[in-house]
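*Asks:* I have a structure here, written as structure tokens, and I will follow up with some questions on it.
The values are calculated or read from the model by the stated rules, or taken from the named source; none is laboratory data. Worth saying up front: this structure is predicted, and the values here are computed from it rather than measured. Neighbour counts are summed over all protein chains in view; Cβ atoms, including those assigned to glycine, are modelled from backbone coordinates with ideal geometry.
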Amino acid sequence: MLGLVAAGLCVGSFVGLGVAMLGFGVSAAQIAQLATNPALVPHGWYALMLMQGLQLAGAGAGAALLPRVLRQSLGRYFAPRPLGEAWWLAAAAALTVCLLPVLSPVVAWNADVHFPAFLQDFEHWARAEEDRLADLTKSLMQFPTAGRLAVGLLVVGVVPALAEEVVFRGVMQPNLVRWFNSRHVGVWLTAAVFSAIHVQFFGFVPRMLLGLLLGYLYEWSGNILVPMAAHFTNNAFQLVLVYLAQHGFLSATFDPDATPVLPWPTIAGAALLSVALLYLLHQRMSAAASAAPTIPPTSL
């Protein structure tokens with residue numbers, strides 16, 4: 001898996017560089033500027049978005065080749081059980097939106113967390129890296145037109161939902177579940193790696209909680225489409241909020257870059273709805289799993 005992902009990442013990066021240089025006229029000297037301030041490069045926003053999308057798509061495509069290496073069909077490997085009911089996708093998507101208010105205290109806490117004294121050097125490095133990535137993200141999350149929003153939804157919404165779910169939930173999680181003979185250990189370890197790989201330590205805990213949700217949705221449903229729908233909705237919903245805020249459709253006090261704790265009545269209501277959706281999905285997916293036994297893919 002690691003070899004295929006690394007190979008796919010390299011191919012995606014190479015193709016992205018080629019398209020940026022040949023298609024957008026980005027010079028070799030300007031490539032480094034793209035990673036710090038794409039606004040300084042003509043067509044830099046589109047070039048960087050394209051490069052990031054192709055890199056991640058390449059990694060996902062590499063992982064998707066694993067079933068062929070094991071001489072299995074893609075469908076059997078990533079969807080060992082058929083999608084029970086179409087509404088599962090909508091319910092999983094709604095669940096991610098409902099959980100956003102519930103996670104707001106965790107997001108705020110993790111954003112201001114401090115490490116022990118002996119990790120102060122690491123904390124300073126991590127904070128500086130977090131600030132650098134935040135500045136880059138802010139420059140990329142500028143959507144003056146609906147066309148730019150559509151590109152953002154493709155690169156930040158669709159591509160991660162497909163590629164990351166194939167890598168983490170589709171390949172890594174099932175193998176960890178088998179290796180440790182525990183679905184819970186497999187889900188939790190995969191969620192931790194999923195969060196750590198983003199190298200954003202001041203958002204590690206909420207991202208890991210998202211990984212847990214995606215992992216259990218995959219375990220319960222046995223179909224990769226369910227966590228894909230939830231992952232896409234999580235990313236796309238936040239992009240749409242940013243777009244609406246930038247165009248004055250939301251309150252002037254709304255700051256998409258802030259991490260406030262939402263009012264507790266809102267959190268409580270969202271928590272109740274989230275629990276109800278989780279219970280409903282677990283019950284229906286468990287019943288479907290009992291009726292249609294899983295066909296396990298071959299171990300690595």
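*Asks:* Tell me, which helices (runs of 4 or more DSSP H) wholly within the range 71-185 include 1 or more residues that are closer than 30 Å to Phe249 by Cβ?
*Replies:* Result: 87-111, 120-140, 146-152, 159-164.
*Asks:* Considering each residue of the range 191-215, count those that are more than 18 Å from Ala229 (Cα to Cα) and of a type outside the set (Gly, Ala, Ser), and give that number. Break it down stepwise before answering.
*Replies:* Filtering the range 191-215 down to residues more than 18 Å from Ala229 (Cα to Cα) leaves 192-193, 195-206.
Going one step further and asking which of them are of a type outside the set (Gly, Ala, Ser), we end up with 193, 197-202, 204-206.
Going through the range 191-215 one residue at a time, the tally reaches 10.
*Asks:* Ok, one more. Please identify the pairs in which a residue from the range 239-250 that is in the same structural domain as Val151 (by TED's automatic domain parsing) and of a type outside the set (A, V, I, L, M, F, W, C) has its Cβ atom under 6 Å from the Cβ atom of a residue that is outside any loop (DSSP other than H, G, I, E, B) and at pLDDT 90 or above, counting only partners at least 6 apart or on another chain.
*Replies:* Hits for this filter: Tyr243/Leu149.
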